Amino acid sequence: MINGKTVAIVPGSFDPITYGHIDIAKRAAKDYDIVYLAVMINDQKRYLFTLQEREEIARLALSGIENITVISSDGMLWKLAEELGADAIVKGYRNNVDYEYEMKMAEFNSRHNPKARTVLLKADQSLTTLSSTLLREKIAKFESIDAYLPKPAADKIIDILKKRETK
């Protein structure tokens with residue numbers, strides 16, 4: 001809590017962000033005064049987009065939502081939560097596999113920073129098939145991605161990829 005306001009972090013790699021991620025962030029924004037969508041690095045993943053590109057895409061996808069701020073971090077989530085004075089770490093899950101993984105992460109983060117409790121939100125049923133992996137597959141096949149994230153963010157992805165082609 002900062003100055004009497006509740007603070008939440010919605011962390012993820014967001015490579016790239018999808019409507020599923022956006023839904024979780026919006027739901028967190030209804031429950032907390034200040035929400036940080038934290039674009040982070042998982043050393044066990046290979047990314048299509050750089051940290052800065054992922055942050056920029058997420059910022060475009062969430063523009064207009066006043067109490068959500070997009071940030072990036074290459075550190076540990078529990079430490080970021082501590083630095084930001086977060087009351088909660090809000091994560092979404094689509095299925096039992098996601099849930100089990102997030103519970104293990106919640107236990108780890110709680111051991112290091114018990115002040116920031118993990119809140120798990122079940123994905124909206126209409127969004128359970130969405131994933132960054134699926135979106136990256138569409139990108140690789142040069143298929144339309146407009147159904148997966150807002151147009152300004154989709155346009156940014158196309159712009160990034162076009163710039164890479166010209167290099």
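The values are calculated or read from the model by the stated rules, or taken from the named source; none is laboratory data. The shown structure was predicted, so the numbers you read here are calculated from the model rather than taken from an experiment. Cβ: placed from backbone, ideal geometry, glycine included. Neighbour counts: every protein chain shown.
One residue stands out in the stretch 85-106 among those that are touching a strand residue (DSSP E or B) at 6+ places or on another chain (Cβ under 6 Å), of a type in the set (A, V, I, L, M) and not in a loop (DSSP other than H, G, I, E, B): the one that is farthest from SER132 (Cα to Cα), namely ALA88.
No other residue among ALA116, ALA140 is small (Gly, Ala, Ser) and touching a residue at least 40 places away in the same chain (Cβ under 8 Å) apart from ALA116.
Being of a type outside the set (Ser, Thr, Tyr) and more than 11 Å from VAL7 (Cβ to Cβ) is the filter here; which residues of the stretch 63-79 pass it?
First, pick out the residues of the stretch 63-79 that are of a type outside the set (Ser, Thr, Tyr): 64-68, 70-71, 74-79.
Across the stretch 63-79, the qualifying residues are GLY64, ILE65, GLU66, ILE68, VAL70, ILE71, ASP74, GLY75, MET76, LEU77, TRP78, LYS79.
The residue pairs whose first member lies in the stretch 149-163 and is in a loop (DSSP other than H, G, I, E, B), whose second member is modelled with pLDDT of 95 or more and of a type in the set (Phe, Trp, Tyr), and whose beta carbons are closer than 9 Å, counting only pairs six or more residues apart or on different chains, are LEU149/TYR19; PRO150/TYR19. In the set ILE71, ILE17, ILE22, ILE65, only one residue is β-branched (Val, Ile, Thr) and either farther than 18 Å from LEU149 by Cα or touching an Asp or Glu at 6+ places or on another chain (Cβ under 9 Å) (or both); that residue is ILE71. Taking the stretch 118-136 as the range and being in contact with an Asp or Glu (Cβ under 8 Å, 6 or more places away or on another chain) and at pLDDT below 95 as the test, the residues that pass are ALA123, ASP124, LEU127, SER132, ARG136. When GLU53 is tested against (1) of a type in the set (Asp, Glu); (2) free of Cβ contacts under 8 Å to residues at least 60 places away in the same chain; (3) touching a Pro at 6+ places or on another chain (Cβ under 9 Å), just one condition goes unmet, and that condition is (2). When you check ARG27 against the structure, is it surrounded by 15 or more Cβ atoms within 10 Å (Cβ to Cβ), free of Cβ contacts under 8 Å to residues at least 24 places away in the same chain, out of contact with any Asp or Glu (no Cβ under 7 Å at 6 or more places or on another chain) and over 17 Å from PHE108 (Cα atoms), yes or no? Answer is no for this residue. Somewhere in the stretch 123-138, is a residue touching a helix residue (DSSP H, G or I) at 6+ places or on another chain (Cβ under 6 Å) and more than 23 Å from TYR19 (Cα to Cα)? No, the conditions are met nowhere in the stretch 123-138. Return a yes/no flag: does the stretch 107-119 have any residue that is in a helix (DSSP H, G or I) and crowded, with 17+ Cβ neighbours inside 10 Å. Yes, the conditions are met somewhere in the stretch 107-119.
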